[in-house]
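**Student:** Starting off with a structure, shown below.
The values are calculated or read from the model by the stated rules, or taken from the named source; none is laboratory data. Here the structure is a predicted model, which means the values were calculated and not measured. Glycine gets a Cβ as well: all are built from the backbone with ideal geometry, and neighbour counts include every protein chain shown.
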Amino acid sequence: MEQLFANKTLDANQAIRYEKVQDLPADTHQSSLNGEAVDIGGAAFKITLNLLSNTIFSVDLADSNSDTAREYKEIVWNIMKEVGRPNLADYFPVLKKNS
């Protein structure tokens, strides 16, 4: 994992990052031409997912014509909800399980 974010690797992937960031204006422009609302959050999530997937796997995991970005966003959102859910045992130590 250290090597993914080493200066040499980041420099080598600069063109990919630039290309993926350029997708945002293209996506928003296409949405505006179609008279659709622009989902900035969805577009940013798609770009972030594609940046990471290109860095790790050298492929896009999400494209504009698939539900993949929506599915991954839903998964990540559900994980965030679970992680952020308060644990009652933190407030009431008597509820802690003894293991």
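**Student:** Could you tell me how many of the residues in the stretch 9-23 are under 13 Å from SER53 (Cβ atoms) and loosely packed, with under 11 Cβ neighbours inside 10 Å?
**Tutor:** Qualifying residue count for the region: 0.
**Student:** Within the stretch 24-34, how many residues turn out to be surrounded by fewer than 11 Cβ atoms within 10 Å (Cβ to Cβ) and either part of a helix (DSSP H, G or I) or among the aromatic types (Phe, Trp, Tyr) (or both)?
**Tutor:** Result for the stretch 24-34: 2.
**Student:** Could you give me the residue pairs with C-beta distances under 8 Å whose first residue belongs to the stretch 46-62 and is farther than 15 Å from TYR18 by Cα and at pLDDT below 80, whose second residue is among the basic types (Lys, Arg) and part of a helix (DSSP H, G or I) wherever it lies, and which are 6+ apart or on separate chains?
**Tutor:** ALA62/LYS46
**Student:** Same structure, new question: Residue by residue through the stretch 27-43, note down the ones that are over 17 Å from the mean Cα position of the chain (by Cα) and aliphatic (A, V, I, L, M).
**Tutor:** LEU33, ALA37, VAL38, listed by residue number.
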